[in-house]
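J.: Mind having a look at this structure? Questions to follow.
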Amino acid sequence: MINLIEAGGWLMAPILACSLAAAIIIFERLLALRRARVLPKQLVQTLRGWVERGAINQSDVEALPLASPLGRIVAAGLASRGYSREIVRERIEDTGRHVVHELERFLNALGTIAAISPLLGLLGTVAGMIKIFQIVSTQGNSNFSLLSIGIAEALVTTAAGLTVAIPSVLFYRYFHARVDELVVNIERESLELVDLLNAGVPAEEKT
């Protein structure tokens, strides 16, 4: 493994850095985008119970896991109780935008890594070819041991760049699809919460 890294030349350093950054982002997003963390089962069940009863059980509010992304939206809605539907919806949407931004955190960085890794590999290929031509121009093409240095640099960096880029692209697409799915569920729960809060406020109390 060390020999391959050395054969790839100096461009292996940024490729390895991209690999490490991608691994950290993928691991962090796998934990952060778990459904149990974003949409806690207890919170969803409580919201469903409120919708079915058409009323908010105050005793349940104190036990809600409001630290989750959906919980932050629910907390914003509960804090707006007594206001008009428009105000409640606006505050929930404002909080929702922050939540979505949090869910998409680091995805642009992962996409950038997926894009530049093969380019770094291609740059390594070009650097290796240049080295080959330099060797041929000065010593001819009979010294295969020297030519193999440039060939190894070209092939190793290309392979390394693709090795980093392929899983990065796959996880980038997966995380975007995961975020879209979670956002749809959050929006559904939020709309039901808006309707529930609005239904529980008499018309004369709405401001």
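Just so you know, all these numbers are worked out from the coordinates, no wet-lab data involved. Source: prediction; values computed, not measured. When we count neighbours, we look across all protein chains shown, and the Cβ atoms used for this are built from the backbone with ideal geometry, even at glycine.
J.: Can you tell me which of ARG72, ARG29, ARG97 moves the most in a GNM of the chain? Springs connect C-alpha atoms under 10 Å apart.
T.: Of ARG72, ARG29, ARG97, the Gaussian network model singles out ARG97 as fluctuating most.
J.: Follow-up question, since we're still on this one. With point charges of +1 on the Cβ of Lys and Arg and -1 on the Cβ of Asp and Glu, referenced to the Cα centre of the chain, which listed residue (ASN57, ALA75, LEU110) lies farthest in the positive direction of the dipole?
T.: Ranked along the dipole, the leading option is LEU110.
J.: For an R0 of 35 angstrom, estimate the FRET efficiency from the Cβ-Cβ distance between LEU31 and ASN198 and round to the nearest 0.05.
T.: 0.50
J.: Mind checking the angle between helix 41-53 and the chain's longest principal axis? C-alpha axes, 0 to 90 degrees, to the nearest 10.
T.: Once rounded, the angle reads 30 degrees.
J.: Using per-residue counts of other Cβ atoms within 10 Å, averaged over each peptide, order 156-168, 111-123 from highest down.
T.: My ranking of the peptides, most packed first, is 156-168, 111-123.
J.: Moving to a separate point now. Taking only Cα atoms, what is the 0 to 90° angle, nearest 10, from helix 12-32's long axis to the longest principal axis of the chain?
T.: For 12-32 against the chain, the angle is about 20 degrees.
J.: Something else about it: Among GLU189, GLU153, GLU181, which one shows the highest mean-square fluctuation when the chain is modelled as a Gaussian network with alpha-carbon springs under 10 Å?
T.: Among GLU189, GLU153, GLU181, the largest mean-square fluctuation in the Gaussian network model of the chain belongs to GLU181.
J.: Using 0.36 nm times the number of residues separating ILE151 and ARG85, minus their current alpha carbon distance, what extension gain do you get?
T.: 17.0 nm
J.: Under the rule of -39500 (n - 2.57) per DSSP H run of 4 or more residues, summed and divided by the residues of the chain, what mean residue ellipticity at 222 nm is obtained, to the nearest 500 deg cm²/dmol?
T.: The per-residue figure over the chain is -27500 deg cm²/dmol.
J.: Treating the angle as unsigned and between 0 and 90°, give the value, to the nearest 10°, between the Cα long axis of helix 69-79 and the longest Cα principal axis of the chain.
T.: Between helix and principal axis, roughly 30 degrees.
J.: Then there is this: Compute the convex hull volume of the Cα atoms of the range 2-200, divide it by the residue count, and report the result per residue in Å³ as a whole number.
T.: Cα convex hull per residue, to the nearest whole number: 109 Å³.
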